[in-house]
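Let me begin by presenting the structure, written as structure tokens, before commenting on it.
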Amino acid sequence: MARTTNWVVLGLTLTFLIGPFIIIIFAGASAGESLAFPPAGLSLKWYAKVFTVESFRQSFMLSMFLAVFGTLAALLIGVPAAYALNRYKLPGDETIRTIVAAPIIVPGIIVGLALLRYLVVPLDFTVTMALFFAHTALVLPYAVRVVSSSLHNLRADMEEAAVLLGCSRLQAFTKVVLPNIRGGVLAAFILGFVTSFNQVPVSLFLSGPGVRTLPIDMLAYMEITYDPSVAALSALLAFMSLAIVFAAERLLGFSRYV
Amino acid sequence: MFLNNREGLALALPAAIFSLLLFLVPVAILLSEAFRSDTGWTLSGYTEFFSKPLNQVVFFRTLKLGVLVAGTAAVIGYAAAFCIVNLGPTARGRIFGLVVLPLMISPVARTYAWIVILGRTGIVNDTIVGLGLSDTPIRLLFTETAVFIGLLQLFLPLMIISLVSAMENIPRDVIPAARVLGANWIQVFIRVILPLTKEGLVIGGTLVFTGALTAYITPAILGGSKVLMLETLLYQRVNVSNDFVSASVIAMILIVMSFSANLLLKRIATARS
């Protein structure tokens with residue numbers, strides 16, 4: 001009895017959480033012309049159409065670029081920061097921690113507007129550059145946090161031993177620390193990638209002619225057209241995210257880090 | 001632990017300076033905009049903002065939806081988390097994975113699904129008309145209910161995750177012990193489960209509440225201009241009328257609300273113990 005109730009509650013919750021996603025997959029596979037569920041016959045024409053829409057292709061490339069290089073940039077400055085915050089007793093380390101974590105707390109739409117108004121307009125930054133900085137700042141807190149937690153689990157005396165045995169500090173880092181936190185860095189990359197790729201509010205104001213991230217482009221597209229291609233694209237993107245996460249889980253037990 | 005502070009600072013500063021210059025400073029200037037006028041400092045941006053009925057409606061609607069979504073998520077979250085914790089280890093891992101899974105999917109995709117479900121020719125309306133409950137489709141999209149449902153679906157996983165990790169830390173025999181000693185399920189919940197999981201509730205509650213306050217896509221797609229929330233209002237003020245003072249005021253409200261939610265919930269959590 002208790003067991004049945006258990007599964008009923010879980011079944012309902014999961015239907016609510018995952019059901020809409022399944023509906024999207026089928027709505028995108030419609031043979032008809034408009035968005036509906038159940039679809040008017042099944043076909044893959046809308047899934048195929050997604051690849052022929054020029055603006056989707058452009059915005060996909062931009063989102064990909066931001067997600068990959070924004071996350072790499074965040075790791076480039078985030079890993080040393082995480083290392084310093086874990087291994088050194090810094091004056092003002094709480095302040096540094098707060099500053100680096102701040103982008104999580106401030107709503108994205110405000111960040112986008114602020115960058116547009118004070119970097120792009122007066123300082124002549126291009127929109128792409130502002131987007132790049134915004135996405136880097138957005139991912140930075142995750143990078144620092146995830147890498148910090150794997151540094152936390154690595155004993156500091158291993159590096160001290162390496163230094164005593166003749167490594168320079170840099171060598172101790174690249175030969176001892178980095179191989180040991182590789183999983184954490186990769187997990188941070190994946191988390192950052194997914195966060196950046198799916199991000200909407202930050203990019204809302206940061207768009208210009210030909211410069212639009214994919215989610216923003218989808219929002220604009222669904223305002224004018226009511227066909228199933230956005231559903232098809234949504235489903236494809238969801239599969240992409242899931243494939244990345246599952247691969248990560250298989251390779252390194254991603255969920256340990258998040 | 002190394003003691004060479006200069007070296008440590010050199011490693012930490014690039015990230016801090018980046019965040020400060022390209023993030024905190026622009027945001028701070030934006031927030032200050034509502035306080036500045038040609039003659040000096042002023043609060044007129046705020047008084048003007050709150051004197052407009054539309055802004056008041058949007059402010060209270062945002063607050064209301066945030067509280068409702070967080071509250072409902074807590075109720076469903078406790079039920080779901082309790083069931084998940086009661087599962088065997090393998091099933092628990094799988095179900096937990098299914099709960100986390102939606103978080104990896106683009107919010108645009110997840111919100112778009114509700115158009116298919118709640119639209120004029122959506123599943124719900126087809127059923128209602130099909131059953132003869134109404135002759136014409138009912139307007140479900142662009143209502144507060146639609147926004148509520150969308151937000152709940154978006155943020156419920158965060159609450160469940162927080163509560164599951166809190167419940168996993170409850171010692172195994174505490175609940176059976178309370179039952180044996182004569183407590184009914186309501187008493188068990190209020191006097192055993194709630195006090196032992198309040199930290200998880202605070203974390204989950206803050207995440208869901210601030211998430212709902214600062215969501216843009218859900219109110220934009222499911223609410224449109226009929227059901228404005230603070231984020232969509234901000235976008236409209238800037239894009240339609242270049243009104244940066246209102247934008248600055250809304251930005252401040254969103255940040256203050258997120259912070260105070262966090263503080264308030266923390267206060268509640270510590271007051272009980």
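The values are calculated or read from the model by the stated rules, or taken from the named source; none is laboratory data. Treat the numbers as computed from the prediction; the structure is a model and nothing was measured. A quick note on method: Cβ atoms are made from the backbone with ideal geometry, for glycine too, and the neighbour counts reach across all protein chains shown.
Taking residue A:78, is it surrounded by fewer than 23 Cβ atoms within 10 Å (Cβ to Cβ) and in the same structural domain as residue A:195 (by TED's automatic domain parsing)? If you could, list the steps in order and put the result at the bottom.
Numbers: surrounded by fewer than 23 Cβ atoms within 10 Å (Cβ to Cβ): no; in the same structural domain as residue A:195 (by TED's automatic domain parsing): yes.
Criteria not met by residue A:78.
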Q. In segment A:89-104, which residues are touching a Leu at 6+ places or on another chain (Cβ under 9 Å), modelled with pLDDT of 85 or more and either over 13 Å from residue B:16 (Cβ atoms) or of a type in the set (Val, Ile, Thr) (or both)?
A. A:96, A:99, A:100
Q. If you scan segment A:16-56, which residues turn out to be out of contact with any strand residue (DSSP E or B) (no Cβ under 8 Å at 6 or more places or on another chain), within 14 Å of chain B (Cβ to nearest Cβ) and outside any helix (DSSP H, G or I)?
A. A:32, A:33, A:34, A:35, A:37, A:38
Q.
With the requirement that a residue be farther than 21 Å from residue A:234 by Cβ, in a loop (DSSP other than H, G, I, E, B), free of Cβ contacts under 8 Å to residues at least 24 places away in the same chain and among the β-branched types (Val, Ile, Thr), what does segment B:114-163 give you?
A. B:136, B:138
Q: Find the residue count for segment B:1-19, including only residues that are of a type in the set (Gly, Ala, Ser) and either in contact (Cβ under 8 Å) with a residue 40 or more places away in the chain or more than 7 Å from chain A (Cβ to nearest Cβ) (or both).
A: 1
Q) Given the structure, is residue B:222 more than 10 Å from every other protein chain (Cβ to nearest Cβ), at pLDDT 90 or above and not in a helix (DSSP H, G or I)? A) no
Q: Determine whether segment A:76-84 contains at least one residue that is over 30 Å from residue A:156 (Cα atoms) and without any contact (Cβ under 8 Å) to a residue 40 or more places away in the chain.
A: no
Q: Being in contact (Cβ under 8 Å) with a residue 24 or more places away in the chain, surrounded by fewer than 19 Cβ atoms within 10 Å (Cβ to Cβ) and β-branched (Val, Ile, Thr) is the filter here, so list the residues in segment B:58-75 that pass it.
A: B:67, B:72
(Q) Going through B:43, B:22, B:31 one at a time, which residue ends up being over 30 Å from residue B:143 (Cβ atoms) and within 7 Å of chain A (Cβ to nearest Cβ)? (A) B:22
Q. From the set of residues in segment A:1-15 that are more than 7 Å from every other protein chain (Cβ to nearest Cβ) and more than 22 Å from residue B:124 (Cα to Cα), which is nearest to the chain's Cα centre (by Cα)?
A. A:7
Q: Please verify whether segment A:29-41 includes one or more residues that are surrounded by 13 or more Cβ atoms within 10 Å (Cβ to Cβ), within 30 Å of residue B:82 (Cα to Cα) and either in contact with a Cys (Cβ under 8 Å, 6 or more places away or on another chain) or at pLDDT 85 or above (or both).
A: no
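Within segment A:179-189, does at least one residue satisfy the condition of being at positive phi and small (Gly, Ala, Ser)?
no
Suppose we keep only residues that are farther than 21 Å from residue B:56 by Cα and touching a residue at least 40 places away in the same chain (Cβ under 8 Å) within segment B:225-273. Which one would you say is nearest to the other protein chains (Cβ to nearest Cβ)? Steps first, please.
First pass over segment B:225-273, keeping only residues farther than 21 Å from residue B:56 by Cα: B:262-273.
Cutting the leftovers down to touching a residue at least 40 places away in the same chain (Cβ under 8 Å) gives us B:262, B:265-266, B:268-269, B:272-273.
Working: B:262: 9, B:265: 15, B:266: 14, B:268: 20, B:269: 19, B:272: 25, B:273: 25 Å.
Going through the qualifying residues, I end up with B:262.
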Q. Among the residues of segment A:226-237, is there at least one that is under 14 Å from the mean Cα position of the chain (by Cα) and either at pLDDT 85 or above or small (Gly, Ala, Ser) (or both)?
A. yes
